[in-house]
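All remarks here apply to the structure that follows.
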Amino acid sequence: MGDGSVIPRLGNMKALLGIVAGAGASYGLYKLISGGSFKRNKKSATSESPSVRSNQPSEVTLQPGSLLAKVSGLDVVCPRPTDVASGGIIHQSPGNLEPQHLKMLLSCLQTSNNSSDRCRIMVTLGNAAAFTVNQNLIREFEGIPVIAGFLSDPAAEVRVQTLNALNNLCMNIQNQEQLKVYVPQVLELIEMSPVNSDLQLGALRLLTNLSVTDKHQHLLKESITLLLSLLVVQALKVLVNLSSNPDMMDDIVQAQAPASVVLLFDARTASTVLLRLLTFAGNLQAWRPSAQVADELRRKQDCLFRVMLDESSQLHSRLVQLLSHPDGEIQAQVARILT
């Protein structure tokens, strides 16, 4: 998969893990890199600021031009520097991941029998996927099905890092065409995972990214009741995306909803949650059913229309109470809904 002069042995898992150790699967790292926070040249690589290095053990050093330096800008844990040197992954252009490295990572991911190794490799692939060029390369190397295959990995942390990698890949519109086929599996993870767990939140983030445009929103029609039952911030983000599409409104208002959703329109609800709820409610209020459709919806037990939109709903009185909320943005959202 790589040039023999650069990578003597692609099967050298020890060398690979010396490169990927310590990487973090966070899109924020990309922001830091692209903003120049981690830009280093060979001369200045050993003079990091104390704020960056203060929490790092003394034996942790940055290998200039290494794979991890290119992907995340974090220090490489390298107990034996010769491991990295023997792997031959030393390059002169920081910030650019070479195509052969992606091929090597994807190959090692498929052959690893160790969950810890798979997790570290997935972390590095996730960080690499924060870059548009690598998003395209991973797709071209048929890496999306390879990565998505680990959504069913027996190790929960591997599944979490798989979702993080897919989240970054989902920022690419062309990649979404391949990622959409995994929606049923992602929904299953959401339903089976503990509420607010890393696994559930990672899956919800993927659906959020996939539903930003209306192209794939129809794939979530059957999941609206599930999302309404969660009502965590990340689930509300998906619901806000879906409710901004008029073509999805019929499915949303018919979905079964817990009566307790109205109780969240309360001054004691966290502002981040309340703002998302108000945006969702505002999108719903903009929908105007015919009298016939409204009558049909009233006959549906516990549907969202009855809970939030019908004249019998308690939502209106709760919104009036929120006009005195101390948060000005919440006041503005409420006023917009009531007028």
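The values are calculated or read from the model by the stated rules, or taken from the named source; none is laboratory data. If you're wondering where the values come from, they're calculated on a predicted model, not measured in any experiment. Note that we place each Cβ from the backbone using ideal geometry, even for glycine, and neighbour counts take in every protein chain shown. When the accessible area is computed, the model is the full protein with side chains, heavy atoms only, and any ligands, DNA or RNA have been set aside. Shrake-Rupley method; radii C 1.70, N 1.55, O 1.52, S 1.80 Å.
Among 111, 225, the sequence by solvent-accessible area, most first, with a 1.4 Å probe is 111, 225. Note on surface exposure: 339, 269, 132 rank 339, 132, 269 by accessible area, highest first, 1.4 Å probe. At the residue level, residue 263 shows approximately 100 square angstrom of accessible surface with a 1.4 angstrom probe and all protein chains present. In this structure residue 192 has an accessible area near 140 Å², from a 1.4 Å probe over the protein heavy atoms. Computed from the Cα positions only, the extents of the range 202-243 along the three principal axes stand at 24, 19, 16 Å, in decreasing order. Rolling a 1.4 Å probe over the protein heavy atoms gives the range 252-339 an accessible area of 55 Å² per residue. Our Cα-only numbers for the range 243-306 put the radius of gyration and Dmax at 12.6, 37 Å. Go ahead and collect, in residue order, the members of the range 188-221 whose backbone nitrogen is under 12 Å from a label point 7 Å along the Cα-Cβ direction of residue 270. Correct set: 196-197. Gain on full extension, evaluated as 0.36 nm per residue between residue 156 and residue 213 minus their Cα-Cα distance, stands at 17.6 nm. Accessible surface comparison of 247, 266, probe 1.4 Å, protein chains only, largest first: the order is 247, 266. For residue 191, the accessible surface of its heavy atoms amounts to roughly 120 Å² (probe 1.4 Å, protein chains only, rounded to the nearest 10). Here the label points at residue 114 and residue 339, each 7 Å from Cα along the C-beta direction, are separated by 6.3 nm in the simple model. What is the sum of charges, Lys and Arg at +1 and Asp and Glu at -1, for the other residues whose Cβ falls under 13 Å from the Cβ of residue 232? Computed value for this residue: +2.
State the Kirkwood hydrodynamic radius of the range 172-277 in Å, one decimal place, computed from all pairs of distinct Cα atoms.
Working: mean 1/r = 0.0705 Å⁻¹.
After inverting the mean inverse Cα-Cα distance, the result is 14.2 Å.
So if we plug the beta-carbon distance of residue 198 and residue 292 into 1/(1 + (r/R0)^6) with R0 = 51 Å, what FRET efficiency do we get, rounded to 0.05? Walk me through the intermediate numbers first.
Numbers: r = 46 Å, r/R0 = 0.89.
E between residue 198 and residue 292, to the nearest 0.05, is 0.65.
Counting protein heavy atoms only, the range 123-203 has 56 percent of its accessible area on carbon and sulfur, 1.4 angstrom probe. Note on residue 299 and residue 314: the extension gain reaches 3.6 nm, defined as 0.36 nm multiplied by sequence separation minus the Cα-Cα distance.
Is the C-alpha gyration tensor of the range 193-339 telling us rounded, prolate or oblate? Criteria: a/c under 1.5 is rounded; beyond that, a/b larger than b/c is prolate, otherwise oblate. List each step's numbers first, then the result.
Numbers: a/c = 1.57, a/b = 1.08, b/c = 1.45.
The shape class here is oblate.
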